[in-house]
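Here is the structure we will look at, set down as structure tokens.
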Number of protein chains: 2
Amino acid sequence: MGGWRERLAMSGCDLRAMARAARAANQALARATGEKKNAALRAMAKAILDSHEPILAANAEDVAAATSEAHPPAFVDRLTLTVPRLEAMARGLRQIAELPDPVGEITGMWRRPNGLQVGRMRVPLGVIGVIYESRPNVTADAAGLCLKSGNAVILRGGREALRTNTAIGGILAASVTSVGLPEASLAVVPTPDRAVVKEMLQLHHLIDLIIPRGGEELIRAVREGSTIPVIAHDKGVCHTYVDAGADLATAAEIAYNAKVERPGVCNAMETLLVHAEVAAAFLPGFVERLGRAGVEVRGCAKTRALVPGIRPATEEDWGTEYLDLVLSIRVVESFEEALAHIARHGSGLAEAIVTADHGRAMRFLREVDAGAVFVNASTRFTDGSEFGMGAEMGISTQKLHARGPMGLTELTCQKFIVLGDGQVRDSRT
Amino acid sequence: MGGWRERLAMSGCDLRAMARAARAANQALARATGEKKNAALRAMAKAILDSHEPILAANAEDVAAATSEAHPPAFVDRLTLTVPRLEAMARGLRQIAELPDPVGEITGMWRRPNGLQVGRMRVPLGVIGVIYESRPNVTADAAGLCLKSGNAVILRGGREALRTNTAIGGILAASVTSVGLPEASLAVVPTPDRAVVKEMLQLHHLIDLIIPRGGEELIRAVREGSTIPVIAHDKGVCHTYVDAGADLATAAEIAYNAKVERPGVCNAMETLLVHAEVAAAFLPGFVERLGRAGVEVRGCAKTRALVPGIRPATEEDWGTEYLDLVLSIRVVESFEEALAHIARHGSGLAEAIVTADHGRAMRFLREVDAGAVFVNASTRFTDGSEFGMGAEMGISTQKLHARGPMGLTELTCQKFIVLGDGQVRDSRT
């Protein structure tokens, strides 16, 4: 303990003052009309484009440093901004302006026997801390989603993108003042020192929610260190289960899409489960097709009996998020065995069944415990905008507050509102 | 560290095994129909009455021990069970059986352009840990609410009620097996050792939510020690604001009720704010009435100028939950000053305005940040059953997941369900 406080003081970053300013800004944000917030979002989009030169200059410094530190090319690519990427950022902000304003929505109102009208109203959470890794577009996305939902935000991006994020954050914060919202509505933490994260996670009187976005290590450190509620986007070990009697052509399309279309994302399939009754008809052809797409297959003993020449899947495989063109396959004797496998190894992100049986489809929907449960569709659809919610802040694998894709409404909470005309309580009645 | 693990092992309580059994039970509970759960609740109610002798015998031992330890009479009274109190417990369980089943409710379903049907379904949270203080009725209430919402529960009551809680828990757990639900659906931790609480708060792979109910010290310890999400019922520093132009007779009834009807509860008023324009007309008569009810009043300088002879309110008073016949009063110059006072000193439980002005009523509803915001009614109504939600698990002063009274739906979460007919994703479009 102690050490990080001194380091932080030396870095000149007064995080507590930033958080206090964010909390003060939150009151103006919470009161702002949808119109004003949309004007701010359009001003933010315009500022990103108008200021592309300083942003790209700051980004070039980050990219040069990352290259000289020998980061892998994929990392440097994610870090690199271009005019088209800035245009996508601006487009994202304008799309958030088009979404309905969740704040002030009254989600229900009922009358009590004593005449009280009781209802629930959506209000912002307050101040949100977002801790993320390299991609600088998160800075604009998170700032836009928090602003639209009436929350102030403190953004803490990756060390390697610090110059880029600081430039984007400064430009966005200045732009919201043009519509009369406080500059402290959004702020980027201006130091790479990790001590800042430690301090941030202790400011539970000033920050209402921490959202970590990044690898397992980041999520774990945030969960363990935080005295503030955390909504984490954890890993995605997603399954597709091909049921007995399923249409095998449909199953092949869905499973192929779930594995191959974009293997590096959390909603891609990592394990295929196949009912023994259809395994012989399904697996040899499907594995051959996967092979043509460059997918490495690992299988259980029954899979390997049907498809010779593939590697055995180990116990570790069943829990691994490959994020790559690798697939583990297991043949199950029953629907129940598939459910049990998913309950044991699934990470709670997304799970799918391909089936023609209505009863098992309904049981799968009800009984599988995941943020998104699919019948006869690819887990790849697990995404706020694919679900029609607009841009997403992440995908929660937790159960509290938000489960599955988190959109604007998940950045609000509901309070009770009560309208009376003089009612008092007599607790003896 | 370390020490509590050994103590726990010596106490013979294998909390991890209890939590694993609860997690296994949760699967059967999550699948149970509303009918089966209601039958279990009625069996629980019957068992409480049928077994009143062993429960009262265990309780007599707890009461004797508490008396010999010189606990205050109010404490001993809360601990003491009688046949009428057991009948109230049984009635509470039967009332939970009458409530609608939240599990499986589909709260919305919409169709996407590609034909996918996307919706949200309520499902249980899983395993809930409830940590509470002396009153043994919480054992039955919490067991009933968790069972109805499809959650398994581990109950950890106060040391002084251990024999009573263990007796009630054993009887309730046995009774649910009569309808075919697992005995591990509910369990009382059978040791007074505080090490159990420490271990419980670390079992984030087995327990999904911790609900502490009790004093500030308990809540703080749970918040700080838990790696599991916590929904706490914190203190209630509730205000009533009498606006300029308010009907003063109505204001007096509401404020009197909020302070006097039951001063020892969290939704009672602790501070009265009065607009300067009506202070002279309102305060002298109202304070006199409070005096007749035995209320000690503490006031700001302006209050004391209008009502001589009362104690000055200190800065500390504004943040104090008296839970007693004590009231602090402050005269404010404006609506904004009242809002600012509440924002600074309120605890987020319940706040009320008495006003005749529609605009200020609406601003108060929107801008005051609390679990329940009242216009022209007493804060004493802040209660799940007064709000029409049935029995409550507590009142959350947090923002995440639940804010205000927590009923059955707050013990569930919503997952996304997606029905397709073969859809696959093309992320290039």
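The values are calculated or read from the model by the stated rules, or taken from the named source; none is laboratory data. Quantities reported herein were computed from a predicted structural model and do not represent experimental measurements. Using ideal geometry, Cβ is built from the backbone for each residue, glycine included, and neighbour counts are taken over all protein chains shown.
I'd like to check something: does region A:116-138 contain any residue that is in the same structural domain as A:Thr227 (by TED's automatic domain parsing), assigned to a helix (DSSP H, G or I) and under 22 Å from A:Asp208 (Cβ atoms)?
Our first condition is that a residue be in the same structural domain as A:Thr227 (by TED's automatic domain parsing); within region A:116-138, this holds for A:116-138.
So of that shortlist, the ones also assigned to a helix (DSSP H, G or I) come out as A:137-138.
Now narrow it down to the ones that are under 22 Å from A:Asp208 (Cβ atoms): A:138.
Checking region A:116-138: at least one residue is in the same structural domain as A:Thr227 (by TED's automatic domain parsing), assigned to a helix (DSSP H, G or I) and under 22 Å from A:Asp208 (Cβ atoms).
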Contacts under 7 angstrom Cβ, first residue in region A:29-45 being part of a helix (DSSP H, G or I), partner buried (at least 17 other Cβ atoms within 10 Å of the Cβ) and among the hydroxyl-bearing types (Ser, Thr, Tyr), 6 or more apart: A:Leu29/A:Ser185; A:Ala43/A:Ser175; A:Met44/A:Ser175
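Taking the stated definitions as given, is A:Pro229 within 14 Å of another protein chain (Cβ to nearest Cβ) and in contact with an Asp or Glu (Cβ under 7 Å, 6 or more places away or on another chain)?
no
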Some residue of region A:244-256 being assigned by TED's automatic domain parsing to the domain that holds A:Ser334, acidic (Asp, Glu) and in a helix (DSSP H, G or I): yes
Qualifying position, being out of contact with any Lys or Arg (no Cβ under 7 Å at 6 or more places or on another chain), at pLDDT 95 or above, in the same structural domain as A:Ala161 (by TED's automatic domain parsing) and not in a helix (DSSP H, G or I), among A:Leu81, A:Leu86: A:Leu81
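Please specify each residue of region B:147-166 satisfying the condition of being in contact with a strand residue (DSSP E or B) (Cβ under 6 Å, 6 or more places away or on another chain) and within 13 Å of B:Glu61 (Cβ to Cβ). Walk me through how you get there before you give the answer.
We begin by selecting, within region B:147-166, every residue in contact with a strand residue (DSSP E or B) (Cβ under 6 Å, 6 or more places away or on another chain); these are B:149-157, B:165-166.
Passing the criteria: B:Asn165, B:Thr166.
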Test set (1) part of a helix (DSSP H, G or I); (2) facing chain A (nearest Cβ under 7 Å); (3) crowded, with 20+ Cβ neighbours inside 10 Å; (4) out of contact with any Lys or Arg (no Cβ under 6 Å at 6 or more places or on another chain) - B:Arg380 fails condition number: (4)
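Does B:Arg403 satisfy the criteria of being crowded, with 24+ Cβ neighbours inside 10 Å, out of contact with any His (no Cβ under 7 Å at 6 or more places or on another chain) and facing chain A (nearest Cβ under 10 Å)? Can you show your working first?
Values: crowded, with 24+ Cβ neighbours inside 10 Å: yes; out of contact with any His (no Cβ under 7 Å at 6 or more places or on another chain): yes; facing chain A (nearest Cβ under 10 Å): yes.
So B:Arg403 passes the test.
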Region A:406-429, residues that are within 7 Å of chain B (Cβ to nearest Cβ) and in contact (Cβ under 8 Å) with a residue 24 or more places away in the chain: A:Cys413, A:Gln414, A:Lys415, A:Phe416, A:Ile417, A:Val418, A:Leu419, A:Gly420, A:Asp421, A:Gln423
Filtered residues of region A:262-288 (kept if buried (at least 24 other Cβ atoms within 10 Å of the Cβ) and basic (Lys, Arg)): none
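Filter region A:205-226 down to the residues that are surrounded by fewer than 17 Cβ atoms within 10 Å (Cβ to Cβ) and touching a Lys or Arg at 6+ places or on another chain (Cβ under 8 Å), then identify the one that is farthest from the other protein chains (Cβ to nearest Cβ). Working first, answer last.
Of all residues in region A:205-226, those surrounded by fewer than 17 Cβ atoms within 10 Å (Cβ to Cβ) come to A:205, A:215-217, A:220, A:224-225.
Right, trim to touching a Lys or Arg at 6+ places or on another chain (Cβ under 8 Å) and you get A:216, A:225.
Numbers: A:Glu216: 15, A:Gly225: 11 Å.
Per the stated criteria, the residue is A:Glu216.
Do we find that B:Gly359 is facing another protein chain (nearest Cβ under 7 Å) and outside any loop (DSSP other than H, G, I, E, B) in this structure?
On the way: facing another protein chain (nearest Cβ under 7 Å): no; outside any loop (DSSP other than H, G, I, E, B): yes.
Answer is no for this residue.
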Some residue of region A:178-185 being in the same structural domain as A:Arg42 (by TED's automatic domain parsing), surrounded by 22 or more Cβ atoms within 10 Å (Cβ to Cβ) and in a helix (DSSP H, G or I): yes
Of the criteria (1) closer than 19 Å to B:Gly245 by Cβ; (2) in contact with a helix residue (DSSP H, G or I) (Cβ under 8 Å, 6 or more places away or on another chain), which one B:Glu336 fails: (2)
Condition met for A:Phe374 (crowded, with 24+ Cβ neighbours inside 10 Å, within 7 Å of chain B (Cβ to nearest Cβ) and either without any contact (Cβ under 8 Å) to a residue 40 or more places away in the chain or not in a strand (DSSP E or B) (or both)): yes
